[in-house]
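What follows draws every value from the coordinates through simple rules; no lab data is involved. Only a predicted model underlies this, so the values are computations on that prediction, with no experimental measurement involved. All Cβ positions, glycine included, derive from the backbone under ideal geometry; neighbour counts span all protein chains shown.
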Amino acid sequence: MRQGSLLSLPEEVAADVWLLPQFTSAQALWGDLQAVAAQAPFRHMMTHTGYPVAAAMTNCGELGWTSDVNGYAYRPQDPVNGKPWPVIPPAWLSLAREAAAVAGYADFQPDVCLVNRYAVGAGMGRHADNSERDFSQPIVSVSLGLPTRFAWWGDEPAGAGRNLLLQDGDVLVWGKSARLGFHAVRPVPAGRHPVCGEFRFNLTFRKAG
Ligand code: MD3
Ligand code: FE
């Protein structure tokens with residue numbers, strides 16, 4: 001079954017950055033999100049700085065993104081319970097593959113879906129996603145729930161960056177020249193979403209291994 005919306009008009013918002021507005025919705029993915037979180041609960045991971053990550057996180061897939069006082073790594077097991085991460089729900093995998101295909105990646109095979117949960121006021125500082133093995137693969141990001149501003153810079157993290165408002169159901173695909181770009185998530189403004197309540201969620205599909 002097709003997962004993404006045919007009514008979503010893809011737009012290349014910057015070189016090799018594709019926005020698929022309202023390609024999906026929290027409503028469509030909510031049941032699977034609850035099931036993933038029941039098997040691998042959201043938690044605030046520690047960083048090497050001794051401060052926790054502001055977003056609560058979990059994963060599904062063959063690998064999951066983890067961080068502790070020793071640094072971050074992709075791992076096949078959830079360090080909280082020692083079990084493999086839940087599988088990526090089939091509807092999520094189809095969605096990510098359809099989005100990647102729209103952006104020109106014919107055979108995206110993600111092995112990680114990192115799920116970030118931002119409470120009101122939480123954000124993510126400027127960084128680049130560079131610990132995956134194969135940078136020819138894109139990253140697909142699905143935003144759910146409360147809207148927030150997203151900023152990106154490209155390869156040189158100087159100046160104010162460019163801002164983009166990400167709303168429920170928006171999908172971003174970035175690869176090639178944008179794959180190692182610096183980006184940040186601005187603190188989530190107060191609000192209430194009918195499905196997600198006072199949270200923003202983001203699913204990031206990656207090929208890490
Ligand atoms: C880079 N998460 O988990 S959008 C992360 O909203 C992360 O939670 C974001 O960054 C979030 O590492 C996912 C990521 C994104 C979107 C567009 C970009 C990164 C980009 C455009 C250019 C470069
Ligand atoms: Fe990132």
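Can you pull the three principal axis extents for the Cα set of the chain, in Å, largest first?
43, 41, 37
Between Ser177, Leu165, Val53, whose Cα lies farthest towards the positive end of the dipole of region 11-206 when Lys and Arg beta carbons carry +1 and Asp and Glu beta carbons carry -1, centred on the Cα centre?
Ranked along the dipole, the leading option is Val53.
At what distance in nm do the modelled label points of Ala15 and Gln109 sit from each other, each positioned 7 Å from its Cα along Cα→Cβ?
3.0
For all pairs of alpha-carbon atoms in region 75-195, what percent lies in each bin of width 5 Å, listed from the first bin to the last filled one?
In whole percents, the pair-distance histogram is 2, 10, 17, 20, 21, 18, 9, 2, 0.
Note down the magnitude of the dipole of the chain about its Cα centre, charges +1 on Lys and Arg C-beta and -1 on Asp and Glu C-beta and zero elsewhere, to the nearest 20 debye.
360
So, counting K/R as plus one and D/E as minus one, what does the shell of residues with Cβ under 14 Å around Asn81 add up to?
+2
In region 11-206, with Lys and Arg counted as +1 and Asp and Glu as -1 at Cβ, which of these residues, Asn81, Ala91, Ala103, has the Cα nearest the positive end of the dipole, that is, farthest along it?
Asn81
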